[in-house]
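Since the structure comes first, as structure tokens, the remarks are kept for the end.
Just so it is clear, none of the values below were taken in a lab; they were calculated from the coordinates. Predicted, not measured: the structure shown is a model, and the values here were computed from it. Cβ: placed from backbone, ideal geometry, glycine included. Neighbour counts: every protein chain shown.
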Amino acid sequence: MTSWPLPLPLLLNQAVPVVLWTLVVLLLAASLGCIVATLRTPRRPLVYSAAALLAAALVVVLIPGQHAPFPVRIVIGILALALAVLGGWPASQLVLVLATRSTTEPSAHDGILVRALTPEGVTTREVLRGGTTIGLLERLAAAGTIMAGFPEGLAVLIAIKGVGRFTELEQAEARERFLIGTLTSIIWACVCAGVFRIAAG
């Protein structure tokens, strides 16, 4: 039987994990809050803040040395999945703007307009339509496979996306946007899902 008051080392051993898991939840919630705030009107500082908070959550979740209690895992899982699905779009848009310096022209159907020289002259066509919707589903699938303990599913996901977009990747602008957007989106989803997997053990 444990005497009361508890010895300081034992008290610290019990209190530190609680504080750390609480901090992980708060960091994920704050990151998700930044993302939600920037969905309608993209703002770089909020995206940077969300990424920094997510990185901090990943660092903190590595510290405890024991798995999170089941209720905490559920909360972390919900926050991580929401952050993975919603956060990848602002992150991808920011990286694309930084990488392409806004040289591509957006289209009416959430793609980009590319120009090609043909015998008839310069033609314009729309490629990579529906990028936002596909990105949401892609991140949901990517985070879901990792959270479920099936990372091999990422290979299937990338293969399906590559095959589906293959005919649109003739122009360099389309290839560049496809690769940068896909990699950013999947890396974001993987980091979010990784926080949950480490917490769950």
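Tabulated data
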| item | result |
| --- | --- |
| Simple label model, 7 Å out from Cα along Cβ direction - L26 to R44, nm | 3.0 |
| Cβ-based net charge around A52, under 15 Å, with every Lys or Arg adding one and every Asp or Glu removing one | +2 |
| Surrounding net charge for L179, when Lys and Arg each add one and Asp and Glu each subtract one, Cβ distance under 12 Å | +2 |
| Total formal charge among the other residues, if their Cβ is under 14 angstrom from that of A155, Lys/Arg +1 and Asp/Glu -1 | -1 |
